[in-house]
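In what follows, a single structure is set out as C-alpha cells and then discussed.
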Amino acid sequence: MSIILEEKVLKEMIKEAVREVIREEEFALFLSRIPEVSEEEQLEIEENYGEPVKKIAAMSVELEV
C-alpha cells in the first residue's frame, strides 16, 4: 500500500513540474509576441503623453510557497 501512495505523490510532483514548465513557456511566448518600440516611437509617445511616472507601491506582501 505504501508503494501506491508514493507513486501518487510522485505523479503529483511530476504533474506540478510539467504545469510550471508549461506556464513558463506560455509566458515566454506571450512576451515574444509583444513588439518592441523604437526610440523614435518612444519619443513620440513621451511627447504626446509625457514620461512614465514612477509609482510607489501602496502595499507589498511577500508569500512563501
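Do we find that Glu46 is part of a helix (DSSP H, G or I) and either surrounded by 10 or more Cβ atoms within 10 Å (Cβ to Cβ) or not basic (Lys, Arg) (or both) in this structure? Spelling it out, Glu46 is indeed part of a helix (DSSP H, G or I) and either surrounded by 10 or more Cβ atoms within 10 Å (Cβ to Cβ) or not basic (Lys, Arg) (or both).
For the condition modelled with pLDDT of 90 or more and of a type in the set (Lys, Arg), what is the one hit in Lys54, Lys11? Step by step, each of Lys54, Lys11 is checked, and only Lys11 is modelled with pLDDT of 90 or more and of a type in the set (Lys, Arg).
The values are calculated or read from the model by the stated rules, or taken from the named source; none is laboratory data. Model, not experiment: these values are computed from the prediction. All Cβ positions, glycine included, derive from the backbone under ideal geometry; neighbour counts span all protein chains shown.
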